[in-house]
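Take a look at the structure set out below.
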Amino acid sequence: MSSSSGGSNNNNNNNKSNKKIKKCNKDALLRTMRLLTTIDIVHEEEQHDDRASSTTTDDDDESSIIICFSLTKLGKCLRSRNSNKPSMASCIQHWMELPLWDSWLYLSDYIIEDDDDDDDDKNSDKKKNVLPFERANNGISSDYYYNENDHPESLKYANDFVKLIHEQEINAIVNWDYWSLHCRGKRLVDVGGHNGLLVTAIAQKEPTIDCYCLDLPEVISNSASSMKETTKQIIEQNNVTMVPGNVFDSHTIPSCDVILMKHFCDRCMWTDEETVQILKSCSSALAMDGDGDTGKIIIADAVLPDIGYNTQDAINDNEQQLTLYLDALYMLVGRERQRTKMEWEKLANLSNLNLISVHSTNVPSCSMIVMEKKEESGDKINK
């Protein structure tokens, strides 16, 4: 670990004089860098220092050896100053910042609910329901903590984290080969699609798909009024139709071949009973093509490994690990637990649907869950 530099001009000298040069604890740095090699962040190797070869003797061989560290593929993903590629740095900055990091210290208190007969019942219930994040931050919830006035840096880390996850999810959904393999010439409705940008990106990728975006009338209206004119033109150029409606009223959903819902069935939004209503409403809008193929409902959402998932498999499956990590992270701030594959399957059955496949996207918060209508007895006889 060494550095050298050539001559510098006056500007560089002025910059150096204005900045206080910090000393480096080389021993601590070396030990930390070697620790990072154990989790594949950096690669370690010895190299011969050519600069020392002309002045060293045989007795000084060790002084001519330097230890070099280079970023691995994973390490490069953590660079925060490379604007050309997505960086995972925001995840680390957000997860390890004290407000969230300290929340882990209060997890055991959140899990164990002590019954104290001396406490007032109402106060006792309030204490039991205090989230780990709130316990670690003087009773302040994450919704109030992350604000520009009090904690602008924390807000930036949180927003960068959400933005990274969102962009990776959009990229995974749009580039899924299912659209070109099974949806050419068909009609796709993005339920809860807000401003229509997701389904527009799909239309750009596969122009033969007839794309619609359905959301509440006020959502469609507000997104249109706040949208840039260039964005509106892109949506219009790709023939995306914006549809005001309500998913609980199947008559407002255009008849279609495929329905897409991205994080629309999340537990933080609906109960399981309401989710079944949504799935049934969407199912009734699905058409059957000339080959007798039923329409599909595609849900882009997290899928946790089923209970009893083999521990060794989990260790070898990075995506499953991250999915469980994210779910535990959401627990700290009070977000509802993500569903397992078996739980998604149960919802499908209650909605008279079959869960036919779950496709991994390599984004831990977003798998592609494909459902279709169950065959009626009459359909089986006709076939």
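Extension gain for residue 231-residue 205 works out to 7.7 nm (0.36 nm per residue, less the C-alpha to C-alpha distance). Extending 7 Å from Cα along the Cβ direction at residue 105 and again at residue 375 yields two label points whose distance is 6.0 nm. With 28 Å as the limit on Cα-Cα distance, the pairs of 228/373; 205/232; 186/373; 163/205; 262/374; 296/346 that go past it are 228/373. Cα gyration tensor of the stretch 315-364, axes a ≥ b ≥ c as square roots of the eigenvalues: rounded (a/c below 1.5), prolate (a/b > b/c) or oblate? Verdict is oblate for the stretch 315-364. Around the amide H of residue 375, modelled in the peptide plane, lies no amide H under 5 Å away from a residue 5 or more places distant or on another chain.
If both residues of a DSSP beta bridge must be in the stretch 166-373, then about 40% of such bridges are antiparallel.
Remark: the stretch 137-246 carries 56 Å² of accessible area per residue (probe radius 1.4 Å; ligands, DNA and RNA excluded). What shape does the stretch 134-236 have by the C-alpha gyration tensor, where a ≥ b ≥ c are the square roots of the eigenvalues, rounded means a/c under 1.5, and otherwise prolate means a/b greater than b/c and oblate the rest? In terms of gyration-tensor shape, prolate.
Across the accessible surface of the stretch 166-373, with the other protein chains kept in place and a 1.4 Å probe, carbon and sulfur atoms take up 49 percent.
Exposure check, 1.4 Å probe, all protein chains in place: residue 346 carries approximately 130 Å² of accessible surface.
If you take the beta carbon distance between residue 159 and residue 22 as r and set R0 to 25 Å, what does 1/(1 + (r/R0)^6) give as a FRET efficiency, to the nearest 0.05? Step by step, r from the Cβ atoms, then E = 0.25. Which cross-chain or sequence-distant (5 or more) residues have an amide H under 5 Å from the amide H of residue 243, H modelled 1.01 Å from N in plane? For residue 243, whose amide H was placed from the backbone, the distant partners under 5 Å are 213, 214, 215.
If I stretch the segment between residue 29 and residue 270 completely, what's the gain in nm (0.36 nm per residue apart, minus their alpha carbon distance), one decimal?
On the way: separation 241, 0.36 × 241 = 86.76 nm, distance 4.90 nm.
Net length gain for the segment: 81.9 nm.
Phi angles across the stretch 96-108 convert, under the Karplus curve 6.51 cos²θ - 1.76 cosθ + 1.60 with θ = phi - 60°, into 3J(HN,Hα) values of 9, 5, 3, x, 8, 4, 5, 4, 5, 5, 9, 5, 5 Hz, Gly and Pro given as x. Assuming R0 = 22 Å, what is the FRET efficiency of residue 97 and residue 129, from their Cβ-Cβ distance, to the nearest 0.05? The formula returns an efficiency of 0.35 here. Using the Kirkwood radius over C-alpha pairs as Rh, can you work out the diffusion coefficient of the stretch 166-373 via Stokes-Einstein at 37 °C, viscosity 0.692 mPa s, in µm² per second? It diffuses with D of about 185 µm²/s by this estimate. Across the stretch 330-347, coupling constants 3J(HN,Hα) worked out from phi with the 6.51/-1.76/1.60 Karplus curve, θ = phi - 60°, read 5, 4, 4, 9, x, 7, 5, 5, 6, 8, 7, 4, 4, 6, 5, 5, 4, 4 Hz, and Gly and Pro carry x. You can think of it this way: the chain between residue 148 and residue 48 has 31.0 nm of extra reach, that is 0.36 nm per residue less the Cα-Cα gap.
The values are calculated or read from the model by the stated rules, or taken from the named source; none is laboratory data. As the structure is a computational prediction, the values presented were derived from the model and not from experiment. Positions of Cβ are generated from backbone atoms using ideal geometry, with glycine treated the same way; all protein chains shown enter the neighbour counts. Protein only, heavy atoms only, side chains kept; ligands, DNA and RNA dropped before computing areas. Shrake-Rupley method; radii C 1.70, N 1.55, O 1.52, S 1.80 Å.
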